[in-house]
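J.: One structure coming up, written as structure tokens, with questions to follow.
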């Protein structure tokens, strides 16, 4: 029996099997597994209400431990769309949130139909994802990035400077940065484990190497609980994701930048945008650097700089011609 980590409820065996498969065989991250678990628990609660199988008036307390294959087999495409309508209107889910729920349903039904072969039809095959508009990434300008770095001070300034330097120069994910071990750094190469336990190499520039070396000079040695970890908390253990988020928010505030607008992920956007805009990095290189499995994810950075479009038009050899100088 598996107890849900989201809301401490007992999961049905078939959902437990899927989550174990998703985690071990598909090697998805704990955060992704937790998100899919949440989505499918919500889905089964909705189905039990829709099919009048629950008398519990508190939706979030509905027991789903009795969900079995016969109930799942009774679900059709109309039920799936009704669920998406529910999360849209009753739960105010955004298109990206609904798209994730579609992905969780597709993965779950594919597992039951193609892997376990315990259902005779797969209604999720025809389930369409909501259209997602192109969202412009929020990022710091070059001047704002330099202002942020210049403002870093305090008792842990070397550590905090190195953390933010890595974010701004390498475009690391939050979890990737928190999990860096000292042994992961070899000369100018940093090995990180990204989504899906995929390993990639990130090359460190001079600013990163310098910031790490300055931090290592003051990094504690005595009483350290995780000697492998590069970045340590004040309790001398591997720095947590929440602590890194706090550090970034604090220094954004100290730099008089909008701490609510920006975050660690926005610093990742900043690194990608600056490399694309100033480094003229091609989209495939940027994809590999950021660890995106699909280039379509990386393509948001090709839309961020209207000045490049304006500049391209202005460089057209016909740009200086006008009707007054034709004669």
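Each reported figure results from applying straightforward, stated rules to the coordinates on display, with no laboratory input. Computed from a prediction, not measured in an experiment: that's the story for all the values here. Positions of Cβ are backbone-derived with ideal geometry, glycine not excepted, and every protein chain shown enters the neighbour counts.
J.: Ranked from highest to lowest mean number of other Cβ atoms within 10 Å per residue, what is the order of the peptides 58-65, 205-212?
T.: 205-212, 58-65
J.: Round to the nearest 10 and give me the degree value, 0 to 90, for the angle of helix 264-278's Cα axis relative to the longest principal axis of the chain.
T.: With both axes taken from Cα atoms, the answer is about 50 degrees.
J.: Next question, about the same structure. Calculate the spin-label point distance for residue 115 paired with residue 182, positioning each point 7 Å from the Cα along the beta-carbon direction, and give it in nanometres.
T.: For residue 182 paired with residue 115, the spin-label model returns 3.9 nm.
J.: Suppose each label sits 7 Å from its Cα in the direction of the beta carbon; what would the residue 56-residue 282 distance come out to in nanometres?
T.: It works out to 5.5 nm between the two label points.
J.: May I pose another question? Provide 70, 240, 29 in ascending order of the number of other Cβ atoms located within 10 Å of each residue's Cβ, fewest first.
T.: On the way: 70 8, 240 13, 29 16.
Going from sparsest to densest Cβ surroundings: 70, 240, 29.
J.: Within a 10 angstrom radius of the beta carbon, how do 236, 148 rank from fewest other beta carbons to most?
T.: On the way: 236 16, 148 23.
Starting with the residue having the fewest Cβ neighbours, the order is 236, 148.
J.: State the volume of the convex hull built on the alpha-carbon positions of the chain, expressed per residue in Å³ and rounded to an integer.
T.: Working: hull volume 68.5 nm³, N = 327.
Dividing the Cα hull volume of the chain by its residues yields 209 Å³.
J.: Tell me what the chain gives for mean residue ellipticity at 222 nm when only DSSP H runs of n ≥ 4 count, each as -39,500 (n - 2.57), the sum divided by the residue total, rounded to 500 deg cm²/dmol. Display every interim value, and only then the final one.
T.: Details: 14 runs with 159 residues, N = 327.
Estimated from H runs of four or more residues: -15000 deg cm²/dmol.
J.: Relative to the longest principal Cα axis of the chain, at what angle does helix 95-110 sit, 0 to 90 degrees, rounded to 10?
T.: Tilt relative to the chain: about 50 degrees.
J.: Would you mind getting me the FRET efficiency between residue 214 and residue 147? Use the beta-carbon distance for r and R0 = 22 Å, nearest 0.05. Before the final figure, lay out each step's value.
T.: Details: r = 20 Å, r/R0 = 0.90.
With R0 = 22 Å, the Cβ-Cβ based efficiency is 0.65.
J.: Can you tell me the 0 to 90 degree angle between the C-alpha axis of helix 30-50 and the longest principal axis of the chain, rounded to 10?
T.: It is inclined by approximately 40 degrees.
J.: In whole Å, what are the extents of the range 142-306 along the principal axes defined by its C-alpha atoms, from largest to smallest?
T.: Largest first, the range 142-306 extends 49, 36, 26 Å along its Cα principal axes.
J.: Follow-up. Using r as the Cβ-Cβ distance of residue 226 and residue 97, and R0 as 35 Å, what FRET efficiency do you calculate, to the nearest 0.05? Mind dumping the intermediate values first?
T.: Numbers: r = 34 Å, r/R0 = 0.98.
The formula returns an efficiency of 0.50 here.
J.: Let me ask something else. How long is the gain from residue 25 to residue 126 if the chain were fully straight, where each residue apart is worth 0.36 nm and the alpha carbon distance is subtracted?
T.: Details: separation 101, 0.36 × 101 = 36.36 nm, distance 2.50 nm.
Net length gain for the segment: 33.9 nm.
J.: On a full-extension model of 0.36 nm per residue, what is the gain between residue 191 and residue 258, subtracting their alpha-carbon distance, rounded to one decimal in nm?
T.: Values: separation 67, 0.36 × 67 = 24.12 nm, distance 3.15 nm.
Net length gain for the segment: 21.0 nm.
J.: To continue, here is another question. In what order do 50, 284 fall by count of nearby beta-carbon atoms within 10 Å, going from fewest to most?
T.: The fewest-first ordering by Cβ neighbours comes to 284, 50.
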